[in-house]
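*Asks:* My questions will all concern the structure given below.
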Amino acid sequence: QLAGSQAQVVDLTVKLGAAEAALTPLNASIEAMRPVVRQSVKNLRVALGGSAAGVDSMSDSALLAEHASLSEQFTNKFKAGGVAAVPQGEPTEKAGEAGGDSAHLARIRATRPNR
């Protein structure tokens, strides 16, 4: 029994050494990514009208959950490509009367095809 237990201890010691060796680079990666994720959460919070306060004290799991939530909110609020669409209507004289540059309106009309 003693010999079997000693063999088991040796086997577990070898496995522990391998696990610690694999864990070292992962910990280094986490340490490198932590400030990037924190800054991203701060930026997302501010962009969505919130406050960046309290981010520095968040645990890693809370930080990742917050990042996922804020990323989804940001994507839903700021749709890529949809906001910058230009209306297809012709410029109106009303825009020129409201203080717009009439020369600018003339240039716009000149570049649009006749309908």
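*Asks:* So, in the range 42-78, exactly how many residues are part of a loop (DSSP other than H, G, I, E, B), closer than 27 Å to Asn27 by Cα, of a type in the set (A, V, I, L, M, F, W, C) and open to solvent by 40 Å² or more (accessible area, probe 1.4 Å)? Steps first, answer last, please.
*Replies:* Taking the range 42-78 as the starting set, the residues that turn out to be part of a loop (DSSP other than H, G, I, E, B) are 48-54, 58-59, 78.
Still in the list and also closer than 27 Å to Asn27 by Cα: 52-54, 58-59.
Those left that are additionally of a type in the set (A, V, I, L, M, F, W, C): 52-53, 58.
Filter once more, so that each one left must be open to solvent by 40 Å² or more (accessible area, probe 1.4 Å): 53.
Counting residues in the range 42-78 that are part of a loop (DSSP other than H, G, I, E, B), closer than 27 Å to Asn27 by Cα, of a type in the set (A, V, I, L, M, F, W, C) and open to solvent by 40 Å² or more (accessible area, probe 1.4 Å) gives 1.
*Asks:* Something else about it: Among the listed residues Ala32, Ala21, identify the single one that is over 24 Å from the mean Cα position of the chain (by Cα) and either touching a residue at least 24 places away in the same chain (Cβ under 8 Å) or in a helix (DSSP H, G or I) (or both).
*Replies:* Numbers: Ala32 fails: over 24 Å from the mean Cα position of the chain (by Cα).
When all the criteria are applied, what remains is Ala21.
*Asks:* With surrounded by 10 or more Cβ atoms within 10 Å (Cβ to Cβ) and hydrophobic (A, V, I, L, M, F, W, C) as the only criterion, which of Leu16, Leu26, Leu2 stands out? Quick ask: steps written out before the conclusion?
*Replies:* Numbers: Leu26 fails: surrounded by 10 or more Cβ atoms within 10 Å (Cβ to Cβ); Leu2 fails: surrounded by 10 or more Cβ atoms within 10 Å (Cβ to Cβ).
Within the list Leu16, Leu26, Leu2, the selection yields Leu16.
The values are calculated or read from the model by the stated rules, or taken from the named source; none is laboratory data. Computed from a predicted structure; not experimentally measured. Every residue, glycine among them, receives a Cβ derived from its backbone with ideal geometry; neighbour counts consider all protein chains shown. Note: areas computed on protein heavy atoms with side chains; ligands, DNA, RNA excluded. Shrake-Rupley method; radii C 1.70, N 1.55, O 1.52, S 1.80 Å.
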